[in-house]
1. Going by what's in this entry, would G52 be described as of a type outside the set (D, E, K, R), part of a loop (DSSP other than H, G, I, E, B) and at pLDDT 90 or above?
2. Pull up segment 66-79, narrow it to residues that are in a loop (DSSP other than H, G, I, E, B) and modelled with pLDDT of 90 or more, then point me to the one that is farthest from P31 (Cα to Cα).
3. Search segment 65-87 for residues that are of a type in the set (S, T, Y) and pair each with any residue that is not in a helix (DSSP H, G or I) when their beta-carbon atoms are under 9 Å apart and the residues are at least 6 apart or on different chains.
4. Among the residues in segment 24-46, are any open to solvent by 60 Å² or more (accessible area, probe 1.4 Å), modelled with pLDDT of 85 or more, charged (D, E, K, R) and within 11 Å of the chain's Cα centre (by Cα)?
5. Cβ-Cβ under 9 Å, sequence separation 6+ or interchain: first residue in segment 11-22 and modelled with pLDDT of 80 or more, partner open to solvent by 100 Å² or more (accessible area, probe 1.4 Å). Which pairs?
Amino acid sequence: MMQLMEREIVRHDVSQEYEFFLIDEFQDINPQQYQIVKHMVGKGNANLFIVGDEDQSIYGWRGANVHNILTFKDRYDNVSVHKLLVNFRSTKAIV
């Protein structure tokens, strides 16, 4: 992580190498992981896709910060939120 933070050339190379970034379970990332995401994506923040549910944040004991997902819309430009309102994983009897 130090190279991403301290060396502009490394940060530039990583952000140029990958066009899209997908972060799953975003509600459970810790501050260090969030810093890595920010540095990998770079200044443009253009193609960052996150998946998460603030109501399912369960890793606070290991430093996860639900604030990351709650404030995502405020931190980035041109954010679209798409909520999945239908449970496709479980049947009604289980839910």
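The values are calculated or read from the model by the stated rules, or taken from the named source; none is laboratory data. Note that the structure is predicted; figures quoted are calculated from it, not measured. Here the Cβ positions follow ideal geometry from the backbone for every residue, glycine too, while neighbour counts run over all protein chains shown. Accessible surface is based on the protein model in full, side chains and every heavy atom, while ligands, DNA and RNA are left aside. Shrake-Rupley method; radii C 1.70, N 1.55, O 1.52, S 1.80 Å.
1. yes
2. The selected residue is T71.
3. Within 9 Å, the pairs are Y76/N45; Y76/L48.
4. yes
5. Listed pairs, sorted by first residue: F20/F49; F21/F49; L22/F49.
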